Each structure stands twice: as C-alpha cells, then as structure tokens.
Amino acid sequence: MNRTALRALLKERRELIAPEAHGLSRPTGRGRRALGLSQQQVDELTCRAVDTYNRLETGRYPNPPADYLRQVGRLFGLNEQEWVSLCRYAGIGDPPGPLNPSSGLEVPGAWQEAVDGIGHMAYLTDASWNVLAHNRHFAEMYPAGRPPANTIRWMLLDESAREDTLIDWHDVWAPLILPQLRAAIAARQEDETLRAIEREVRADAFLGRLWEEGGFHIHPDGDERPLRHALLGPGHVTICAAQPLTAPGARLIIMIFRPGLQKSHVRAPMLRAAPRGASS
C-alpha cells in the first residue's frame, strides 16, 4: 500500500465532484467546507458503513475489496490508468478487469498514424478483437487485400484462415488462440462479441473439443508461427504484442514475416539494459 499516493489521488478526485450532481447538498454549518463530496457522502453514495471511505482515503483499510474500489473509481470518474493506480496504491495489485465495460473499445486517433508508420505488418484491435487500425503491409497478407473485421473470429472460424493462410492451423494456431479467447472472456464476462465467438467455437466440431480440454497459453508476444502470405508465399511470422495504456484489453500486433518454411534464422536474444558502469 502507498498511503501518500492513495490519499492524494482520492482526495483530488473527490474534491472535483459536486454533491449537487448526486442530489446532495453541501454542509451549511460552521467549520471547513468540503470542496466536493464529503467523505460521509461517499459512504452514502456507495451504500457503505460510516467511516468506510475515510479508512480507504487515509490508508487504514488494508486489502479493500475490488468491488468497493470499483464503486469508488466509477463514482470519481477515474480513467483506466487511474483505476490501475488506485488498485496498486490500495495494495491489491493490478485490477481484476477494466473499470467500465466500455473500456478497451476505443483508442486515441493518433494510433492510426502510428500503425501506418510501422514497416512490418501491423494492426490494432480493441478488447473484442475488432480491428481499429491496420497498415497496408497487413492488408497485403490477405488474398483480397482486405483484413477481417474481427481477427480472432477469422483465425478460429474462417475457412480460408484454417485451410490456407494459417499453416498447420490444427496443431499450431488453434491450440494457442483458444486460451487467448478464454482469458479475454474471463476479464470481460459481459462482452457480447466475445460471447458470440465462444458460442460459435463451442458449436464447431474440432474447436468445441479443444475448448473443453482447456489450455493456458494466453500471450502471443515473441511467438513464431508458419503463415502463407498472399503475395510473398509461405513463411514464418514472429509476433510482437503490446497494449495501449488507455485501452485495457486492446492490443497492437506487429508481425515480422520471413519467407520460407524452414526456421533457418537465429531467434533474437532477449533485450536487457546493460549493467551500470558497463563500457559501451
């Protein structure tokens, strides 16, 4: 727990909220006037016992429940980065999921320009795997030059992906993609797009059996997989994955393509900062 940072974050955001916006009034008696909501008003709005919020803001509430922190975060209008900070400062670590169901479904518009400037195949999806931005290199991977609307649905259920583009789909791609879908649903249980894909997966003869078997591989970062490029032919892609900080669950995927099905190249070593004092 970081009491100083926790108090600063909560006090600043609490004082920005007008009690009148929630049908409450400001105290009229003597004494110092609260700039925004009082601590007791926060207890009232979150339906908690008196002094609950004071304990949180002053750091006297060890390991507060995530559902209570979510109540406070939504009441205070925190963004996703502030939500992460609130959970960390309160001592529970990273949040169990996004603050709001709509989080992860949009990113700043500058990301399109950023993706366009990448020299490898690159695309950006929201938390439901809907494509928000892509560059021309990524579009060229597809026979028609048009990427799918939803990449995980395409990877799992599109016939051209299974039979042509994603080489060794049954053994290499499908077993690694399904756990990603499962993990996303665990974090976003009310996401109807993901739930619809899950229903399609369960109804598929092969994927349905694989889904029931489970699987734990949920992160493609650094993976290398065989792929048939519409213009460049068969080869391998190394997948680099990252996440925009303002959109939890969204992902930037960069695919480094190397022609040929033989893994003749040497995998790049891990990047680490040089020890202090080491000569350049």
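General observations
- Only one of the listed residues (Ser103, Ser25) is touching a residue at least 12 places away in the same chain (Cβ under 8 Å), touching a helix residue (DSSP H, G or I) at 6+ places or on another chain (Cβ under 7 Å) and of a type in the set (S, T, N, Q). That residue is Ser103.
- Enumeration of residues in the range 150-204 that are part of a loop (DSSP other than H, G, I, E, B) and within 20 Å of Pro101 (Cβ to Cβ): Arg188, Gln189, Glu190, Asp191
- Taking the range 162-192 as the range and being buried (at least 21 other Cβ atoms within 10 Å of the Cβ) and of a type in the set (Gly, Ala, Ser) as the test, the residues that pass are Ala174, Ala184.
- His134 satisfies every condition listed in (1) buried (at least 19 other Cβ atoms within 10 Å of the Cβ); (2) in the same structural domain as Asn63 (by TED's automatic domain parsing) except (2).
- Among the residues listed as Leu181, Leu156, Leu210, Leu194, the single one being of a type outside the set (Phe, Trp, Tyr) and more than 29 Å from Asp116 (Cβ to Cβ): Leu210
- Between Val115, Val72, Val42, the distinction of being closer than 28 Å to Ile177 by Cα and of a type in the set (A, V, I, L, M, F, W, C) belongs to Val115 only.
The values are calculated or read from the model by the stated rules, or taken from the named source; none is laboratory data. Note that the coordinates shown come from a computational prediction; the quantities given were computed from them, not determined experimentally. When we count neighbours, we look across all protein chains shown, and the Cβ atoms used for this are built from the backbone with ideal geometry, even at glycine.
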